[in-house]
Amino acid sequence: RVAGGYSALVDYLVAECRSLGVIIHLSAPVAAIEYKDNRIAVDCGNGRGFEADAVVLAVPLPILAQIRLPPEERFAAARDIGFGNVVKMLLRFKSAWWSETLGHDLNRLSFVSGAAVVPSWWSQYPAAHPVLTGWYGGPKADRVASLGEAELVEMGINSLAEIFRVPADRIRREIVSARAINWGKDPFALGGYSYATPQTREVQPILRMRDGSAIFVAGEALYSGVEMGTVEAALASGGETARAILGTEARSS
């Protein structure tokens, strides 16, 4: 895990980009991309737009389907790459109450997986923060779409009670703060991660292929290595795309 969370990585990349003169526009969700006078026009709605020589589409696959794109057949290939949902739970406690449960010294517990509804949890070890993070993913995460945050947190508490064989009330008394994030309900994510289907390896090169188009598609779903669906895959895909753009500029100069 990245110390301080992945926001530290994002902050680093933002600082590096801005040091090189990159301008970052926030709160500008893209509605459409089209060709205009041999350039690319990006429509962000409300009369706001941008023009460029090239565009990199690096969005979650369900979002790709919500952007109006030029009629290039390759974009339809994204339907053959799987995309799953995740509900993530973060519970902060007064103390690491789990360290003396199950008849063992669990002060060095880093990860636990059980048969409870929310089966997978990890701590902040080796950091001493009394926080447990729960992971509820796959098709079953879609079945809790109607649950609110409080209900999801309660589901997590009951799962921890089952895994560590302690009363749920004891866990509730220890809670300082709790969050549950259903990534499938986030309008800018609509899920948590991509995964390979039987067709994925065949369609990834199709999405990456441009045939003269100024639209590049990138992201963890486009990475064909074993790290697909991870931050490492997103970084690798970004590097590949950057090199492809630089190569295109070199050939056209």
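The values are calculated or read from the model by the stated rules, or taken from the named source; none is laboratory data. What you see is a predicted model; the values in this text were computed from it and never measured. Glycine also receives a Cβ, built like all others from the backbone with ideal geometry; neighbour counts cover every protein chain displayed. Just so you know, the surface numbers come from the protein's heavy atoms only, side chains and all, with ligands and any DNA or RNA stripped out. Shrake-Rupley method; radii C 1.70, N 1.55, O 1.52, S 1.80 Å.
Things worth noting here:
- Looking only at the range 210-225, and only at residues there that are in contact with a helix residue (DSSP H, G or I) (Cβ under 6 Å, 6 or more places away or on another chain) and part of a loop (DSSP other than H, G, I, E, B), the one that is most open to solvent (accessible area, probe 1.4 Å): SER224
- Whichever residue in the range 77-94 is at pLDDT 95 or above and open to solvent by 70 Å² or more (accessible area, probe 1.4 Å) and, among such residues, is farthest from MET155 (Cα to Cα): LYS94
- Any chance ARG74 is part of a helix (DSSP H, G or I), of a type outside the set (A, V, I, L, M, F, W, C) and open to solvent by less than 30 Å² (accessible area, probe 1.4 Å): yes
- Subset of the range 157-172 that is free of Cβ contacts under 8 Å to residues at least 24 places away in the same chain and of a type in the set (D, E, K, R) - its residue that is surrounded by the fewest Cβ atoms within 10 Å (Cβ to Cβ): ASP169
- Any hit, the range 80-94, residues being closer than 30 Å to ALA244 by Cβ and in a helix (DSSP H, G or I): yes
- Restricting the first member to the range 71-84 and to residues that are more than 26 Å from ALA141 (Cβ to Cβ), and the second to residues that are assigned to a helix (DSSP H, G or I) and open to solvent by 50 Å² or more (accessible area, probe 1.4 Å), the beta-carbon pairs closer than 6 Å and six or more apart or on different chains are ARG74/ILE206.
- Cβ pairs under 7 Å, 6+ apart, first in the range 109-126 and touching a residue at least 24 places away in the same chain (Cβ under 8 Å), second in a loop (DSSP other than H, G, I, E, B): SER123/LEU109; SER123/SER110
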